[in-house]
Amino acid sequence: MSVIAVVGLATMGMNLARNLARNGFGVSVYNRTTSRVDDFMKQYGSEGAFTPAHTPEELVSQLEKPRRILIMVKAGPPVDDTIEHLAPYLEAGDILIDGGNSYFLDTVRRGKALEARGFRFIGTGVSGGEEGALNGPSIMPGGARDAYQQVEPMLTRISAHVDGEPCCTYIGPGGAGHYVKMVHNGIEYADIQLIAEAYDLLSHALELGAEDLSRIFAEWNKGDLESYLIQITSEVLAKRDRATGRPLVDVILDEAAQKGTGKWASQSALDLGIPVTAITEAVFARFLSALKADRQVASRTLAGADGAMRAPAPGSLVDDVRSALYASKMVAYAQGFEQMQAASNEYGWDLKLGAIARIWRGGCIIRARFLNRITDAYAESPGLKNLLLAPYFRDAMASAQDAWRRVLSVAVDRGIPVPAFSSSLAYYDAYRRERLPANLVQGLRDYFGAHTYKRIDREGSFHTRWSQDGEEVPVR
Ligand code: NBP
């Protein structure tokens, strides 16, 4: 008998099944297109205690009770289809785990529907891509805690480990696991966009080639910016294209694709009223990149900047861009964590933000040295309102900001688009302003729509009869 099944043997399912088997767990494997099961057994069958299944019924019959089934299929209707194929053979108490990138409200719906049928459901985020799935991902499980306890030994064993701690912890009930994974992916979008802007700035302002830039990123990876994404940026930039001999990055088409988790994170932030500008700018930047044909026309039509400012010294600009990247990244994480806090309040999840930072230190795409700083910040001050207010982040922003502003001046002067850098700085400057121009916004809204306003010196709501007698009247 197997202790767990993996359903869906594409990239993620295949590698998670191998990871489970390597860690000594007996795994049954099944896939809708059953030739994939046979291919899997041929290629990896000797790696561990795998049992192939060719029907849902056969799969369920191979499992110890309560049955534990990890579903790794394409997010959306395939998850519902898979559940419906398995359900007729399951018994009360059996546990279904959806490890794909499902939308968190689908997870809430599925959890309720399955509980009503006596089954238990865990919606879990899994990050780390192909390599993480095989060697240790970061795992974000949500749903019924008692169900999680039944799979905890397996999930913690196969997850990445940092300083002896597993990158897997119970996140919260309902859709909490998939929500946190969604914000993780949103932060990943922001991180990647910021890196792309740093690359663009240095390659245009200093006319550096991919190999020079690769060396700069490798150097940055030795300091505060040390992270998986900075490391692989250096590797991507260093790669030469076999066909043309040019840097591969120079022949890759500049249209970024997406699968939707960044968009969902932005949409949820809009619903919650949380300003996650860095993630949202990153999503918009991908939309803009996809308008390649339009951009080609505009590039020949619209005038650009003349770059009249004094040229910056190359060394100092490289250092400044590093600081701007770090400061913008801190803003992106501060916003993402604020969004998770808001969602936790809204949905009653009691998210432990410090623990989430801890399980993102290994295995996942945004793993980075500075996640320790986030864990420390929440340990020191569990009710922290915004990460930027924690002493480490406050001081780091203060020391990076002059460089950040210089970088934006260069970008504006040269006409180099840096939407995530600049929106992060705008957020920082707006967040630290005691008084914003929303007073005028309120005045205008009251003028054309009698929407009323509050005053700084008196309680209550007021309306001014702007275009009549100009009198202010209190409003109940
Ligand atoms: P895909 O997202 O490419 O999905 C392919 C799998 O879904 C195959 O096993 C396929 O079966 C199955 N499937 C489909 Br499509 N429609 C189905 C249906 N109606 N009923 C049953 N099975 C169906 O696989 P993946 O890249 O391994 O990702 C799996 C999940 O993990 C996704 O939610 C993904 O977003 C998430 N994820 C992926 C990564 C990554 O790096 N790839 C990282 C983190 C999370 P078939 O063989 O019969 O077509």
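Residues of the range 60-79 that are within 16 Å of the ligand (Cβ to nearest atom), in contact with a strand residue (DSSP E or B) (Cβ under 7 Å, 6 or more places away or on another chain) and among the basic types (Lys, Arg): none at all.
Using the structure shown, decide if residue 123 is in contact (Cβ under 8 Å) with a residue 60 or more places away in the chain and either in a loop (DSSP other than H, G, I, E, B) or within 16 Å of the ligand (Cβ to nearest atom) (or both). So residue 123 fails the test. Entry remark, the range 237-270: residues being touching a Pro at 6+ places or on another chain (Cβ under 9 Å), closer than 19 Å to residue 203 by Cα and either of a type outside the set (D, E, K, R) or in a loop (DSSP other than H, G, I, E, B) (or both) number 4 in total. All of (1) β-branched (Val, Ile, Thr); (2) away from the ligand (no atom under 14 Å from the Cβ); (3) farther than 30 Å from residue 318 by Cβ hold for residue 195 with one exception: (3).
What about residue 384, is it farther than 22 Å from residue 225 by Cα and crowded, with 18+ Cβ neighbours inside 10 Å? So residue 384 passes the test.
Taking the range 348-360 as the range and being surrounded by 20 or more Cβ atoms within 10 Å (Cβ to Cβ) and without any contact (Cβ under 8 Å) to a residue 60 or more places away in the chain as the test, the residues that pass are 353, 357. Against the list (1) in contact (Cβ under 8 Å) with a residue 40 or more places away in the chain; (2) surrounded by 14 or more Cβ atoms within 10 Å (Cβ to Cβ); (3) under 27 Å from residue 340 (Cβ atoms), the condition residue 267 fails is (1).
Residue pairs whose Cβ atoms lie under 9 Å apart, separated by 6 or more positions or on different chains, with the first residue in the range 270-287 and over 9 Å from residue 332 (Cβ atoms) and the second in a loop (DSSP other than H, G, I, E, B) and open to solvent by less than 30 Å² (accessible area, probe 1.4 Å), are 270/276.
Take residue 108 and tell me if it is away from the ligand (no atom under 12 Å from the Cβ), under 23 Å from the mean Cα position of the chain (by Cα) and among the β-branched types (Val, Ile, Thr).
Values: away from the ligand (no atom under 12 Å from the Cβ): yes; under 23 Å from the mean Cα position of the chain (by Cα): yes; among the β-branched types (Val, Ile, Thr): yes.
So residue 108 passes the test.
Among the residues of the range 304-322, not a single one is open to solvent by less than 10 Å² (accessible area, probe 1.4 Å) and either of a type in the set (Asp, Glu) or assigned to a loop (DSSP other than H, G, I, E, B) (or both).
Checking 160, 133, 190 one by one, the residue that is touching a residue at least 60 places away in the same chain (Cβ under 8 Å), within 21 Å of the chain's Cα centre (by Cα) and away from the ligand (no atom under 16 Å from the Cβ) is 190 and no other. In the set (1) at pLDDT below 95; (2) open to solvent by 60 Å² or more (accessible area, probe 1.4 Å), residue 465 fails one condition alone, (1). Residues that are within 16 Å of the ligand (Cβ to nearest atom), loosely packed, with under 14 Cβ neighbours inside 10 Å and assigned by TED's automatic domain parsing to the domain that holds residue 134 do not occur anywhere in the range 14-30. Report, by residue number, each residue of the range 133-144 that is of a type outside the set (Ser, Thr, Tyr) and modelled with pLDDT of 95 or more. Of everything in the range 133-144, those that are of a type outside the set (Ser, Thr, Tyr) and modelled with pLDDT of 95 or more turn out to be 133, 134, 135, 136, 137, 139, 140, 141, 142, 143.
The values are calculated or read from the model by the stated rules, or taken from the named source; none is laboratory data. Since the structure is predicted, the reported quantities are computational estimates derived from the model, not experimental observations. All Cβ positions, glycine included, derive from the backbone under ideal geometry; neighbour counts span all protein chains shown. Note: accessible area is taken over every heavy atom of the protein model, side chains too, but ligands, DNA and RNA are not part of it. Shrake-Rupley method; radii C 1.70, N 1.55, O 1.52, S 1.80 Å.
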